[in-house]
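Here's the structure, in structure tokens; my notes come after.
The values are calculated or read from the model by the stated rules, or taken from the named source; none is laboratory data. Quick caveat: nothing in here was measured; it's all calculated off a predicted structure. Neighbour counts are summed over all protein chains in view; Cβ atoms, including those assigned to glycine, are modelled from backbone coordinates with ideal geometry.
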Amino acid sequence: MTRVWKWNRPVTVREVLEDLQQERSIAYTTVMTVLDNLHQKGWVRREAEGRAYRYEAVSTRAAYAAALMNDAWSQSDNPAAALVAFFGMMSEEQREALRDAVRIVQGPETREPPQAPAVREEPPEEAREEENPGSAEDGTGR
């Protein structure tokens, strides 16, 4: 799958073989078998081109990784413990990427944070006296 994703276009067995042979010796039939297995599993689609097939990834590498993680998580008898153990293995950069991903999935906050009711403040004593200067002098409050 790595080679199919790397090319990011439909590829033939021969193209994948030649790419792999730059790093190691591998047989044509091995590459053909692996690509056929990937096709049988639904990870690649293929179209006939003459006597050969062109193979193309059905999903992205990210979607494939997510499916693997989901499969492993769903097979756990204690999914919460599996997640805790997984998070414990993560580097700080991976945990930050996880926080970013959670923010993306949750989307923007739609709820406004609760606000305290408006409190009407009384003006300071000096300001009240200036508003009604006669009230302090005659004691009538008028």
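Among the listed residues D71, D19, identify the single one that is in the same structural domain as F87 (by TED's automatic domain parsing) and in a helix (DSSP H, G or I).
None of the other options fit; the residue is D71.
Just the residues that are within 31 Å of the chain's Cα centre (by Cα) and either among the small types (G, A, S) or exposed (fewer than 15 other Cβ atoms within 10 Å of the Cβ) (or both), please, taken from segment 21-42.
Selection gives N37, Q40, K41, G42.
Being of a type in the set (A, V, I, L, M, F, W, C) and at pLDDT 95 or above is the requirement here; does A27 meet it?
Considered against the rule, which asks whether it is of a type in the set (A, V, I, L, M, F, W, C) and at pLDDT 95 or above, A27 comes out as yes.
Only residues in segment 10-21 that are closer than 13 Å to M32 by Cβ count as the first member; pair them with residues that are crowded, with 16+ Cβ neighbours inside 10 Å and among the charged types (D, E, K, R), Cβ under 7 angstrom, at least 6 apart or cross-chain, and list the lot.
Cβ pairs passing all conditions: V11/R54; T12/R54; V16/R3; L20/R3.
Which one of these is more than 30 Å from G42 (Cβ to Cβ) and modelled with pLDDT of 90 or more: S76, S135, S91?
Result of the check over S76, S135, S91: S91.
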